[in-house]
Amino acid sequence: MAMPAMIYQVAVNAPVWQLLDYQSEQTLQPGQAVSVELGQRRANGVIIKSIPRSEFKKLKHIAQVYDLPPMPADMVWLLQWCWAYYHHAPGEVAATALPPAMDASAPEPEQWFGLKTEFKASEALDALLETTKRAPKQQELLQVLASVAHSETQLNECLSNWRQPLKRLVEKGWIENVAPPAAPPSRVCPNNPQLRQEQAVAVSSITSRSHQFRSWLLEGVTGSGKTEVYLQAARRILANGRQVLLLVPEIGLTPQTLQRVRQRLGCEVGEYHSGMGDSARRETWRRVAMGELQVVVGTRSAVFLPFTQLGMTALDEEHDASYKQQDGFHYSARDVAIMRAHRLNIPVVLGSATPALESLANVQRKRYSRLELKERHGSETKWELVDVRGLGGAIFSPLAIQAMKDRLKAGEQVMVFLNRRGYAPVHMCGDCGWAANCLRCDSHLTLHMAKQRLICHHCGTEHKQPLVCPSCQHESLIQVGHGTERLEEELTQLFPDTPVHRVDRDRMRSRQAMSELRDKILTGDPCILVGTQMLAKGHDFPQLALVLVVDADQALYSSDFRAPERLGQLLVQVAGRAGRGEKPGKVLIQTRQPEHPILTTLMSGGYPALSKSLLEERRSAELPPYTVQAMVRADALKSDPPRQFLEQALSVLRERAKAKDLEIEIHGPFPAVMERRAGRWRWQLCLQTLQRADMKAFLSNVLPDIRELPQSKNVRWRVDVDPYEL
């Protein structure tokens, strides 16, 4: 006798705003990953719950049940909280928590690729690079594989669309499959290092109430040992048979974090981030769900891993913008981690030397508990503003050049920071004024001299560097401004006998490249590091004694009210790289506005003084974190449709706010700061209110009507709750 079909509500990965009913003769659990028919196609989904009956008479059957462990009940609850709070389609939220390659029966071993031995000599390699001049993707791949073999995961990290060029190079007989390098033996630290008193207090506070929810803001100056607190707290959590998640803001920070965690905790540690191959991510997901991995180090998407015995989550650099997803499902990994910890009754640790103003406001409201690490490992670091008014086009002030000379002569290392890659941000004609602009974005093309290419840093468009002005045909092209590539050139000329290492996304194409450079720097030999914010976070170079910030003024002109906060955080993080060894450090900040209150406040009172001042400004201006914001964003291939859609939405929003007698401020519609990006015109509305519950209820009530607006079919639109960018 056939079993009666059960009815399940499924969150299907599609822009559908409700759960869909399907039936199956199998007894399935909430959290089970399935495949279902949706129209004429198959779509993945997650079972949310079973129901006794459906309002629909004819239901489709669940087409496939994936061979994956079901997500635990707290994850199913978390997904429902996410789509209700962020007002996003349930199935697209659920898809964020699913691994890639769900059909795979077993993970295939990752392939490694390398340059054939006969082509590794410099002359042979030069010949290959010359041959591929008209195939820039192949040439780029050859350069990446020239010195060391790379895995699929590593190629994903440093290159886009590399598989087809690789296939061509394999066919030519230049690239081959190679065996993966042998892993170095793991050296487990048998004992915990001795904690300073304030570190010991932090570890004890976090772990003494490990079965209670609490958000701990671990505020510690750079070099104060926050990571040691995470590790020793994790060790105690693991001793109770529970799992630990450590989140880092960027993929580039995972290798050194993984190495340190593996050495210290003496257990198998998994990693999870978008740079990994699909099968590797799926295997980590499966092993977490089976309880086989006790610790995972990952980026923001790892917050959705299906831990069954999660005992603690720690977010390093909790203030970092990378924790907020900016495309598709706009979630904050920090806030999702806190809600999950609340559901599980476990601690969550938010670590930073420069906490987000939202976190500091939550300390004021007694929603977070504060732990402070004021004692720094290393020597004192002094700051100095360098007035560069009157220098003309010179990049470095005489004072900065002399300071670099003195430090290098003393056998120390120097870091030069500029958060702008490439050679020059503007390439223009000195005669007629033509400038190289992106045809798809409201931005200039950046000159990359080594590639002889003009590249848009927003949409990725590339053009060959022109030799004459395309407008007047004169050979009077000039470069305005400077990026890290130009700094590298200038520093090499100034210090010809000193190694200059550039650290940006153009040069550091893989984790292995960064690891190799790190090993060179740790030898302690004098050198100059020049780079972007890749250098600002998490690196510990004991011989680094001088940090030079070339241009601190970029954020002082921003229209974004968060720009001062970000500038302060970035400067403090960069400055924190100096003086981490025995020798005192020095930070020089070049500026044309030495009297600016942001800079003078930082100089006199550091980040605590700046954050206090900025919080007072935000409170007076009624801006987050003292109010709640949401953006309704729309974009299209033409400028009129998004504006027209938002004008229609504005009428609905105002009418509904008036009917409900809610104090909701609505501003706009107005164009985004960069109105045209990647060929799409972008407009937005801003909603603001005092109470989070009011915003959530209002959006839940009004969004169904906005979805029915005639113009909604002509644009791509979404809601961004707690937006981080204008």
Stretchable slack from E171 to E55, in nm (0.36 nm times residue separation minus alpha-carbon distance): 36.0 nm
Zone of D67's modelled label, taken as backbone nitrogen in region 10-24 under 11 Å from a point 7 Å along Cα→Cβ: none
Extension gain from Q493 to F329, taking 0.36 nm per residue of separation minus the Cα-Cα distance: 54.4 nm
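Go ahead and run the numbers for FRET between E582 and D126, Cβ-Cβ distance against an R0 of 60 Å, rounding to 0.05. Can you show the working numbers first?
Details: r = 44 Å, r/R0 = 0.73.
E between E582 and D126, to the nearest 0.05, is 0.85.
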Label-to-label distance, nm, for residues given as H377 and S604 (7 Å Cα→Cβ offset): 3.4
Point-charge dipole on Cβ atoms (K/R +1, D/E -1) for the chain, about Cα centre, debye to 20: 1160
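In Å³ and rounded to a whole number, note down the convex hull volume per residue for the Cα atoms of region 312-471. Mind showing how you got there, number by number?
Numbers: hull volume 37.3 nm³, N = 160.
Expressed per residue, the convex hull around the Cα atoms of region 312-471 is 233 Å³.
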Rounded, prolate or oblate (a/c below 1.5 giving rounded, otherwise prolate when a/b exceeds b/c) for region 424-481 by Cα gyration tensor: prolate
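Based on the Cβ-Cβ distance from E617 to E462, what FRET efficiency comes out when R0 is 25 Å, to the nearest 0.05?
Details: r = 41 Å, r/R0 = 1.64.
Efficiency, from the Cβ-Cβ distance: 0.05.
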Radius of gyration, Dmax [region 112-178; alpha carbons; angstrom]: 10.7, 29
Cα-based reach from K60 at 26 Å (exclusive), listing lysines while leaving out same-chain residues under 8 positions away: K49
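Would you mind checking the pairs K226/K324; K133/K537; K374/K612 and listing those with alpha carbons more than 27 angstrom apart?
On the way: K226/K324 22 Å; K133/K537 36 Å; K374/K612 17 Å.
Correct reply: K133/K537.
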Acute angle (nearest 10 degrees) that the helix 136-145 long axis makes with the longest principal axis of the chain, alpha-carbon atoms: 80
Inter-site label distance for R592 and N345 at 7 Å from Cα along Cβ, in nm: 6.0
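Could you list the trypsin sites (Lys or Arg not before Pro) in region 47-95 that lie in coil according to DSSP, counting only those with at most 10 other Cβ atoms within 10 Å of their Cβ?
Numbers: sites: K49, R53, K57, K58, K60; in loops: R53, K57, K58, K60.
Answer by residue number: R53, K57, K58.
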On Cα atoms only, tilt of 398-409 relative to the major axis of the chain in degrees: 90
Selected from V414, L98, A563, residue furthest toward positive end of dipole (the chain; charges at beta carbon): L98
Region 456-500-region 35-97 distance, computed between alpha-carbon centres (Å): 51
Span from the region 657-714 Cα centroid across to the region 377-412 one, whole angstrom: 48
From the coordinates shown, Rg and Dmax of the Cα atoms in Å corresponds to which of (1) 34.4, 120; (2) 30.5, 107; (3) 27.0, 91: (3)
Cα-centre dipole for region 579-652 with unit charges at Cβ (Lys and Arg positive, Asp and Glu negative), debye to 20: 360
Rounded to the nearest 20 debye, dipole of region 6-96 from Cβ charges on Lys, Arg, Asp, Glu: 280
Pairwise centroid distance, computed over Cα atoms, of region 593-630 with region 139-167, Å: 44
Rough spin-label spacing in nm, given labels placed 7 Å along Cα→Cβ, for A146 and Q263: 3.1
Cβ-based charge dipole, region 424-481, positive-most Cα from V480, G433, L454: L454
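For a Förster distance of 25 Å, can you work out the FRET efficiency between the beta-carbons of T117 and S274, rounded to the nearest 0.05?
Details: r = 32 Å, r/R0 = 1.30.
E(calc), rounded to 0.05, equals 0.15.
List the trypsin sites (Lys or Arg not before Pro) in region 572-680 that DSSP assigns to loop (not H, G, I, E or B) and whose Cβ has at most 14 other Cβ atoms within 10 Å. Which are they?
Sites meeting the loop and neighbour criteria: R592, K638.
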Fraction of beta bridges assigned by DSSP in the chain that are antiparallel (%, nearest 5): 55
DSSP-loop chymotrypsin sites (Phe, Trp or Tyr not before Pro) across region 196-278, with at most 16 other Cβ within 10 angstrom: F213
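Quote to one decimal, in nm, the extra length available between R209 and A135 on full extension: 0.36 nm per residue of separation minus the C-alpha distance between them. Before the final figure, lay out the partial values.
Values: separation 74, 0.36 × 74 = 26.64 nm, distance 5.91 nm.
Gain in length upon complete extension: 20.7 nm.
Throughout, read-outs are computed from the coordinates displayed, never taken from laboratory work. Not measured: the values here are computed from a predicted model. Reconstructed Cβ throughout: ideal geometry from the backbone, glycine too, with neighbour counts over all protein chains shown.
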